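Please read the structure below before turning to the comments.
The values are calculated or read from the model by the stated rules, or taken from the named source; none is laboratory data. As the structure is a prediction and not an experimental result, all values here were calculated from the model. For neighbour counting, all protein chains shown are included, and Cβ atoms are generated from backbone atoms with ideal geometry for every residue, glycine included. Only protein heavy atoms, including side chains, enter the accessible area calculation; ligands, DNA and RNA are left aside. Shrake-Rupley method; radii C 1.70, N 1.55, O 1.52, S 1.80 Å.
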Amino acid sequence: HGGISPPPTRAAMLSEPGNALLASWVTGWFNLLGQVAVTTGISFGCANFLSTLCTFNTSFTLTSKTTMGVYAAILVSQGLINTFGVHLLKYLNNISVWWHAAGTTSLVIAILARAPSHQSTDFMFRTFIDNTGISGSEGWGARASHAYVCVIGILMVQYTLTGFNASAHMTEETHNAAMAGSIGIVMAIGVSAVLGWFLILGLLFSIQNLDTTIASPMGQPVAQIFLDTVGNRGAIVLMVIVIGAMYFCGTFLITSNSRMMFAFARDRGIPGHSFFRKVDLKRGTPVRTVWLACTLSFILGLPTIPIALRVFYRKHFVRGPFYLGAFSIPIAVAAVTWIAFISIVFLLPQVNPVDSQTLNYAPVAVGIVIVYSIGFWILSARKWFIGPVRQISMSSPLSYCLLDRTAKGERIS
C-alpha cells in the first residue's frame, strides 16, 4: 500500500539515525496514551448520553454504576464489531459520514425551527460567562483572568480535532495511501471545523433559559436544550442522532487504536509484544490489540514529536506525493508551537477550587508515560528496541509490516 505510517515510524523516519530509536520509542508511548484517552472520552460520552436517554419517560435512575455498566457494554459491542465485523467497517464508515453530515444539519435545523425563542447575537458573540467556579467558589476569571478561562475553553475544540489521526493509523489498509491518507487528514479537520461551528451556533442560539440549561436535572445541558425546543419525542430522536454519531466515532477509534497498538507491538515497543503482534489468521486483523484497546479504555474511565522532527531535520526530509511546498516549514513551525502551547493548557486546573475530585489528573498520566518511557529506555529498551520493522519489499520507504509474518503463518491482509 505505502503511505502515511504510524507515529512511531514517522518519528523514526524524520529523525537523525542516531536519535531515531529513542524518538520512535517515546512517540509510540505518548501516542498510545493519547489514543486510549480519546477512545475513553468518546465512548464514555456516548454512555453518558445513552444513560440520560434511558431516563426519558421512564423510572430509570441514573447512577455512576449504571453509567459504567452502559460504558462497558458499549466498549464490548465496539470490540465485537472490530473482531467479527471488519468487512462491514467500510460500509459503516460510509454510513457514519452521512450520519454526521445529515444528522448534524437536521438537528440544527430542527432546534432552530422549533425553538420558542432565540438568543440574541449579542449573547452569542459578546457575552462572557465563567462557570469554572463550583460549590460557591469564584471562577478562574476572578481568581486569575478571563484570558485563562478562554484558554481552557479551547480544550474541547482541540480535543475533537484530534480525530484526524485515525486517517494516519488506517493508511496501511488503504489503497493509494500516500495521497488518500493525507487528503483524509485535511478533510477530517475541515469537516469537523465546519460542522462543529454550525452545531455550536445552533445550540447556543436555541438556549431558552441559561440557568435552567446549565443546572439541568439530567446533568446534560444539550439534552435540556433538545427538550426545551422540540419536546420529549423530538428530543429522543435528536439524542439518538447524537448517540449514533458518538458510537460510530468510538467504533472507529477502537479500529485506529488497535492498529496503532499492533504497529507498536510489531516494533516490540509494548510489554507482551510477542502476544499482541499476532494477526488473526481467519480475519486478517489484529484482534488481540482490538481487545487491548477496549480494556485500556475501560480502565482509564500527543502527536507533537514527528512534526518537530520534520522541522529540526528538514534537510533529511523525503517528500511524498502530497507536499505543501513553500508552506511546509511555516505550517510545521506553527503546528509545533500550537501543540506545545495546548499541551501545557491540557495540564492546567479547569475548575476552582482544586481538590481530589476536581484535580486535572492529566499531569499524572503524562508523568507516568515520561518516567516509564525514558526510564525504561535508559535501563533496558535502548539495548534491544530496533525501531519500526520494515517490509521485506522495499518498494516504498513508508510501507511497514512484520518481517516474520509468513514464517509464523500469519496471513498478509
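For the reader, a short list of remarks on this structure follows.
- Filter result (open to solvent by 10 Å² or more (accessible area, probe 1.4 Å) and not β-branched (Val, Ile, Thr)) within the range 16-30: Glu16, Pro17, Gly18, Asn19, Ala20, Leu21, Leu22, Ala23, Trp29, Phe30
- Scan of the range 88-114 for residues that are farther than 18 Å from Leu227 by Cβ and of a type in the set (Lys, Arg), ordered by number: Lys90
- Of everything in the range 199-225 that is surrounded by 15 or more Cβ atoms within 10 Å (Cβ to Cβ) and over 22 Å from Thr127 (Cα atoms), the residue that is farthest from the chain's Cα centre (by Cα) is Met218.
- Note on the range 57-133: enclosed helices (runs of 4 or more DSSP H) holding 2 or more residues that are within 22 Å of the chain's Cα centre (by Cα) and surrounded by 11 or more Cβ atoms within 10 Å (Cβ to Cβ) are 64-84, 89-114.
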